[in-house]
Amino acid sequence: MDNHSYNFPSDCTPLTNCKSARKPAGSTVVNMGNTGKNPPRDYLLWSLCNTFYVNFCCLGFMALIYSIKARDQKTLGNLQLAQECSDKAKWYNILAAGWNLLIPLLAIVLIVLLLVHLGSSRGSFDFLGEDGFQNFLKLFSW
């Protein structure tokens, strides 16, 4: 006999005796994970470099703090807060890197301008002349 020839009462099924013995229907949840979205970057190495080099106005240190916060939040699974901290760390790193490049460039420009000015001025202090070095040492003698 095949299964289609059986007539079951309306309240019973082949696996249970009646409706009252059935378990309530549940739902199945399938966690697909991170739907193809990459976790935010933490910029930790860049922050360390900016912290140890010049570190004007503590911008590199602020970038380092936000980088560590971004890494912690990424580890905890809070990707939204990790993204916010990552963005702040990125902008602090950009500002710190800008200052870290600007200060040495300004120093080089000032030294070049000073050397050009000293080399072009006539009758002023001559470091390279005969008495230039002696006059320079007289400035520091008591």
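Extension gain for the segment residue 38 to residue 75, taken as residue separation times 0.36 nm less the Cα-Cα distance, is 12.0 nm to one decimal. With a Förster radius of 25 Å applied to the C-beta separation of residue 106 and residue 53, the computed FRET efficiency comes to 0.95. Considering all C-alpha pairs of the range 40-113, those separated by over 15 Å amount to 51%.
Laboratory data are not the source of any read-out in this text; all were calculated from the coordinates shown. Bear in mind that the values here come from a model prediction, so they are computed numbers and not experimental data. Cβ: placed from backbone, ideal geometry, glycine included. Neighbour counts: every protein chain shown.
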